[in-house]
Amino acid sequence: MPDIIRLLPDSVANQIAAGEVIQRPASAVKELMENSIDAGATKIQLIVKDAGRTLLQIVDNGKGMSETDARISFERHATSKIRNAGDLFDLHTMGFRGEALASIAAVAQVEMKTRREEDSSGTEIRMEGSKFISQEDCAVPAGTSFSVKNLFYNVPARRNFLKSEAVEFRHIVEEFERIAFAHPGTAFSLHHNNSELFNLLPGHGDFRAQLRQRIVALYGNPYNQRLVPVEESTPILSVSGFIGKPEFAKRSRGEQFFFLNKRFIRNSYLHHAVQSAFEQLLPKDAFACYFLFLEVDPKSIDVNIHPTKTEVKFEDERSVYAILRSAVKRALGQYNISPTLDFEQEMSMQVPAKNNAALVAPTIKVNPGYNPFAEQKKFSGENPLPVPGKFSGDWQQMFDQRIAKNEPGQKILHSEMDAPVEHPSSSQIWQLHERYILTPIRSGILVIDQQRAHERVLYERFLRAMKNANSSSQRLLFPETMEIPAADAVLISGLLGEINSCGFDVQHFGANTFVVNGIPAGLEEKSAALVLEKMIGEFRENEQELRLHPQESIARSLAKQAAVKQGRILSPEEMRALADELFACETPAYAPDGKPAFINFPIEEIDKRFKR
């Protein structure tokens with residue numbers, strides 16, 4: 001039997017490595033920009049075409065490479081960052097694996113131009129699918145220019161699995177933001193399809209001042225008032241950066257950044273530490289933003305556990321957790337964000353006497369003849385509970401009196417569907433605890449959750465409007481201007497057609513600014529900017545967890561925000577209209593999130609409870 005184990009060719013091995021390191025265009029952006037940082041660049045330019053499918057180009061003014069270094073840099077495991085295994089536990093650079101250039105060259109057409117400051121001419125190298133094409137001298141400024149063309153051109157399956165241009169470009173912007181945050185003293189620029197999106201100047205002052213300037217430059221001026229500084233230094237861990245005020249928390253986790261020794265990381269354990277510091281300050285489904293930089297001894301961590309280097313292991317994880325949590329809580333208390341007890345003020349509290357009159361201690365009047373153990377009067381045809389008004393023994397009259405006291409609220413928008421459907425048609429309808437609608441049916445009693453029912457009605461209405469392009473819009477008397485983070489701006493730009501089709505009138509005003517001229521009917525009382533901000537957060541959540549179609553995600557978010565909430569008093573006419581519209585829906589039994597919109601209690605079940 002012949003031998004069956006053989007060594008893979010370098011081209012195949014490089015493509016396998018590329019599958020781990022280069023998952024999408026954003027992965028190549030991360031690796032190349034980190035190389036520019038390690039090269040000491042103070043100015044980095046990123047040029048993108050067609051969300052990276054056609055071109056990714058990174059130009060820096062770093063120290064460049066010699067002719068020999070430029071050629072060997074495309075070999076697997078070729079790196080200038082480490083010399084032996086011990087260096088893995090004392091890393092001070094971004095990259096160290098030596099697989100990035102080889103992996104990128106395996107799945108793209110690559111052109112690199114580089115020159116050192118002391119050299120008179122530079123070197124140009126061209127690679128295609130791991131194959132060396134040419135190397136020659138060229139005239140180029142000091143630094144390195146790396147162009148990646150037609151990514152995954154020789155791996156059609158990987159190219160076909162790429163998402164839409166808007167989604168892929170959003171991932172590129174996210175990687176760009178992470179590196180720009182980690183190095184606020186470096187100038188960055190980003191061009192997409194010949195349009196400049198960012199031109200970030202280097203910050204001035206200390207690191208925290210530079211970081212604040214970079215956050216404002218990327219996310220807009222409103223963030224300048226939303227940030228709370230964090231500063232803590234211990235022998236184990238140093239923490240610096242900013243956290244967001246609780247009142248500006250969002251439902252998505254998009255604006256949460258951990259940087260360990262200036263390297264972006266993901267760590268759910270540390271995220272829990274920050275969330276626990278906000279305990280009792282945030283709702284369960286809200287997340288505060290944070291930009292936190294952690295500095296530890298490189299020997300106490302292991303960053304070599306994932307190809308993208310975004311996951312790390314700590315030598316003393318519990319201590320890091322405790323220090324981080326304490327630092328965030330201290331910042332919240334120091335800047336009067338969290339409630340505190342002022343014991344000194346309590347002790348010095350004084351009550352001024354009026355007209356110099358003597359203070360009189362308060363007295364309590366009691367009934368000395370009261371006996372709590374006396375036998376209470378048993379029910380004998382009279383109602384023992386205090387019911388307003390005279391009860392005549394007619395239960396229908398009692399409920400009519402209860403309904404008569406309800407104040408009518410705002411009218412619920414009626415559906416255009418007038419087709420008769422089988423649903424409760426009884427005139428007897430009541431509201432329970434301002435949350436549920438009760439009405440008798442032939443088989444028992446029906447309990448409708450008013451909020452979920454209205455969400456289902458509005459959800460299907462918004463979906464029909466977007467599909468038929470016949471939604472009604474309410475023009476704003478004073479248009480609202482929104483300045484939002486770059487990633488959210490890219491997201492809205494890609495969804496602008498769907499957003500406007502459901503009743504919005506949103507226009508791109510340049511860069512990260514949008515103007516809202518109109519909103520869907522039924523949302524007049526809400527801030528247009530707040531509605532869109534919540535919609536973006538829920539869209540991210542639905543995209544990651546449920547993978548909903550954009551129209552479904554937008555309709556679900558708008559329905560949730562516009563639906564009548566618990567605690568709202570409804571008139572009998574509003575309750576009947578809501579029931580009519582609910583049972584005219586295609587799926588009346590469930591809210592858009594899959595929870596039941598109504599429950600039917602059969603008369604048999606009620607009889608069992610009374611043991612008939």
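Of the cross-linked pairs LYS250/LYS534; LYS63/LYS131; LYS250/LYS284, which ones have a Cα-Cα span greater than 18 Å in the structure shown?
Working: LYS250/LYS534 7 Å; LYS63/LYS131 26 Å; LYS250/LYS284 11 Å.
Over 18 Å Cα-Cα: LYS63/LYS131.
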Length gained, ALA166-LYS313, 0.36 nm per residue minus C-alpha separation, equals 49.6 nm
Counting only protein heavy atoms and leaving out ligands, DNA and RNA, the solvent-accessible surface of GLU118 at a 1.4 Å probe, in Å² to the nearest 10, equals 130 Å²
So, with points 7 Å from each Cα along the Cβ direction, the LEU281-SER66 label distance in nm works out to 5.4 nm
If the label point sits 7 Å along Cα→Cβ of LYS49, residues of the stretch 127-167 with amide N under 19 Å come out as 127-129, 145-154, 165-166
Computed for the stretch 479-612: size of charge dipole around the Cα centre, +1 on C-beta of each Lys and Arg, -1 on C-beta of each Asp and Glu, debye to nearest 20, value 660 debye
Judged on accessible area alone, 1.4 Å probe, highest first, TYR335, TYR459 line up as TYR335, TYR459
From highest to lowest solvent-accessible area (probe 1.4 Å; ligands, DNA and RNA excluded), HIS454, HIS433 read HIS433, HIS454
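Could you calculate the contour length gain from VAL447 to ILE569, that is, 0.36 nm times the residue separation minus the distance between their Cα atoms, to one decimal place in nm? Numbers along the way, then the final one.
Numbers: separation 122, 0.36 × 122 = 43.92 nm, distance 1.59 nm.
Length difference between fully extended and current span is 42.3 nm.
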With +1 on the Cβ of every Lys and Arg and -1 on the Cβ of every Asp and Glu, the dipole magnitude of the stretch 426-539 about its Cα centre, in debye rounded to the nearest 20, is 560 debye
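Could you sort GLU117, GLU177 by their accessible area in this structure, using a 1.4 Å probe and putting the largest first?
Working: GLU117 140, GLU177 5 Å².
I get GLU117, GLU177, largest accessible area first.
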So GLU483 and ALA322, fully extended at 0.36 nm per residue minus their Cα-Cα distance, gain in nm 54.4 nm
Net charge near LYS63 (other residues with Cβ under 12 Å of its Cβ; Lys, Arg +1; Asp, Glu -1) is -4
For the stretch 121-229 the mean separation of alpha carbon contacts under 8 Å (6+ apart) over residue count, i.e. relative contact order in percent, is 13 percent
With the 1.4 Å probe rolled over protein heavy atoms, the stretch 142-193 has an accessible area per residue in Å² of 34 Å²
Out of MET466, LEU496, ALA528 - ranked by how far each Cα lies towards the positive end of the dipole of the stretch 442-555, with unit charges on the beta-carbon of charged residues - the top one is MET466
On the formula 1/(1 + (r/R0)^6), with r taken between the Cβ atoms of SER238 and HIS204 and R0 of 30 Å, the FRET efficiency rounded to 0.05 is 0.85
Within the under-13-Å Cβ sphere about PRO184, not counting PRO184, Lys/Arg +1 and Asp/Glu -1 give a net charge of +3
Once both label points are put 7 Å beyond Cα along the C-beta direction, the LYS299-THR42 separation in nm becomes 3.4 nm
Computed about the Cα centre, the charge dipole of the stretch 99-189 from +1 Lys/Arg and -1 Asp/Glu charges at the Cβ has a magnitude in debye, to the nearest 20, of 380 debye
With a ≥ b ≥ c from the Cα gyration tensor eigenvalues, square-rooted, and the rule rounded for a/c under 1.5, otherwise prolate when a/b > b/c and oblate otherwise, the stretch 474-566 is oblate
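What does the accessible area per residue of the stretch 470-612 come to in Å², with a 1.4 Å probe and no ligands, DNA or RNA counted? Before the final figure, lay out each step's value.
On the way: 7200 Å² over 143 residues.
Counting only protein heavy atoms, the per-residue value for the stretch 470-612 is 50 Å².
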With every protein chain in place, the accessible area of ASP50 for a 1.4 Å probe, in Å² rounded to the nearest 10, comes to 60 Å²
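The values are calculated or read from the model by the stated rules, or taken from the named source; none is laboratory data. Keep in mind the model is a prediction, meaning the values are calculated, not measured. FYI the Cβ positions are ideal-geometry reconstructions off the backbone, even for glycines, and counts take in every protein chain you see. Remember, those area values only see protein heavy atoms, side chains included, never the ligands or the DNA or RNA. Shrake-Rupley method; radii C 1.70, N 1.55, O 1.52, S 1.80 Å.
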